[in-house]
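The values are calculated or read from the model by the stated rules, or taken from the named source; none is laboratory data. Being a predicted model, the structure only gives us computed values, none of them experimental. Here the Cβ positions follow ideal geometry from the backbone for every residue, glycine too, while neighbour counts run over all protein chains shown. The protein model used for the area step is the full one, side chains on, heavy atoms only, and it has no ligands, DNA or RNA in it. Shrake-Rupley method; radii C 1.70, N 1.55, O 1.52, S 1.80 Å.
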Amino acid sequence: MAHKKVNLPQKICPVCKRPFTWRKKWEKDWEQVIYCSERCRRSKTKSEYFK
């Protein structure tokens with residue numbers, strides 16, 4: 001039987017405004033994770049102009 005991933009923490013990406021869910025690779029630094037992807041992290045300065 002497959003493991004169901006329920007009730008994982010979520011955050012909203014400030015660039016794309018979409019929710020993203022906790023990942024195992026972020027386990028140690030989940031508090032510092034801000035962006036959902038590398039693409040959003042790189043485009044953070046571009047999105048600031050559109051506010």
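Within the stretch 9-26, can you find the residues that are touching a Ser or Thr at 6+ places or on another chain (Cβ under 9 Å) and outside any loop (DSSP other than H, G, I, E, B)? Reasoning before the result, please.
Taking the stretch 9-26 and keeping what is touching a Ser or Thr at 6+ places or on another chain (Cβ under 9 Å), we get 9-11, 13-16, 20.
Passing the criteria: Gln10, Lys11, Phe20.
Can you spot a residue in the stretch 15-35 that is open to solvent by less than 100 Å² (accessible area, probe 1.4 Å) and touching a Leu at 6+ places or on another chain (Cβ under 8 Å)?
Yes - at least one qualifying residue is present in the stretch 15-35.
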